[in-house]
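Here is the structure we will look at, set down as structure tokens.
Just so it is clear, none of the values below were taken in a lab; they were calculated from the coordinates. In this text, all values refer to a predicted model and were calculated from it rather than measured experimentally. Cβ coordinates were reconstructed from backbone atoms using ideal geometry, including for glycine residues, and neighbour counts include every protein chain displayed.
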Amino acid sequence: MVRNIIFDWSGTLVDDLAAVWTSTNFTIEKSGFPAITLEQFRADFSLPYDLFYERVTPGVSMDLLEKWYMESYRIEQKKIKPLHYAYEFFDYCKAHKLKTLLLSTIHPDHYKVQSELIRLDFDIEYVRVMDKRRKILDILRENQLSAEETIFIGDMQHDVETAKLGGIGSCAVLTGYNKREQLEEVMPDFIAKNLEHLKNVLDRNSLSWPPCVC
């Protein structure tokens with residue numbers, strides 16, 4: 001039975017794809033390389049993101065890339081909004097007394113701005129985690145979370161890989177960066193169209209995991 005839910009932020013709870021793509025292209029062009037289409041970005045972007053930049057902006061330092069990215073993103077992030085059903089799903093978690101945790105790569109400065117506009121009352125927050133796969137076991141241990149009672153909800157292959165390394169349940173959502181075919185490659189326990197879809201499935205299964213969808 002699910003008692004703990006770990007959430008990704010970008011693409012799972014907030015709609016920031018356009019903002020991140022725009023700021024990424026600003027960074028790429030500042031580096032002297034051609035911009036990429038949204039389709040290319042969704043196909044190629046991966047976490048940890050330093051590996052992505054090594055591919056698209058070879059030879060440019062991460063310090064410089066982050067400086068340029070933040071120059072653009074400070075403006076772009078003002079356009080970010082919560083994804084449909086984010087608040088409703090969070091209310092569902094609270095109503096069922098589920099422990100909620102955030103695990104995200106988001107920069108603390110960006111999270112401070114966004115979380116003041118998109119208010120979700122997590123029990124515990126972990127931000128600026130560059131490789132979630134290396135942190136998940138520590139999180140489970142620090143918070144005394146049973147792997148059998150915990151799931152991770154995210155929109156990228158990296159999130160599913162993180163869940164598998166932690167021995168916890170994995171749910172991929174189709175509201176963010178990776179497309180269904182990319183997520184299917186890493187075989188999550190369940191793929192939800194959105195958080196409303198997931199809420200309905202959890203409800204029908206009385207919070208058991210993995211859910212039966214037959």
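Residue by residue through the stretch 6-16, note down the ones that are surrounded by 24 or more Cβ atoms within 10 Å (Cβ to Cβ) and not polar (S, T, N, Q).
Result: I6, F7, D8, W9, L13, V14, D16.
Of all residues in the stretch 40-67 being more than 16 Å from the chain's Cα centre (by Cα) and of a type in the set (S, T, N, Q), which is nearest to K193 (Cα to Cα)?
Here the answer is Q40.
Which one of these is within 21 Å of I139 (Cβ to Cβ), out of contact with any Asp or Glu (no Cβ under 6 Å at 6 or more places or on another chain) and touching a residue at least 12 places away in the same chain (Cβ under 8 Å): I168, I191?
Exactly one of I168, I191 is within 21 Å of I139 (Cβ to Cβ), out of contact with any Asp or Glu (no Cβ under 6 Å at 6 or more places or on another chain) and touching a residue at least 12 places away in the same chain (Cβ under 8 Å), namely I168.
Could you tell me whether the stretch 61-68 includes any residue that is closer than 23 Å to G166 by Cα and in contact with a helix residue (DSSP H, G or I) (Cβ under 8 Å, 6 or more places away or on another chain)?
Among the residues of the stretch 61-68, not one is closer than 23 Å to G166 by Cα and in contact with a helix residue (DSSP H, G or I) (Cβ under 8 Å, 6 or more places away or on another chain), which makes the answer no.
Filter the stretch 90-118 for residues that are small (G, A, S) and farther than 20 Å from V129 by Cα and give the result.
A95
How many of the residues making up the stretch 68-111 are among the basic types (K, R), assigned to a helix (DSSP H, G or I) and either surrounded by 18 or more Cβ atoms within 10 Å (Cβ to Cβ) or over 19 Å from the mean Cα position of the chain (by Cα) (or both)?
Residues in the stretch 68-111 being among the basic types (K, R), assigned to a helix (DSSP H, G or I) and either surrounded by 18 or more Cβ atoms within 10 Å (Cβ to Cβ) or over 19 Å from the mean Cα position of the chain (by Cα) (or both): 2 in total.
Tally time: how many residues in the stretch 12-39 are assigned to a helix (DSSP H, G or I), under 19 Å from the mean Cα position of the chain (by Cα) and not aromatic (F, W, Y)?
Of the residues in the stretch 12-39, 9 are assigned to a helix (DSSP H, G or I), under 19 Å from the mean Cα position of the chain (by Cα) and not aromatic (F, W, Y).
Select from the stretch 1-11 the residues that are more than 11 Å from I80 (Cβ to Cβ) and assigned to a strand (DSSP E or B) and list them in ascending order.
Hits for the stretch 1-11 are N4, I5, I6, F7.
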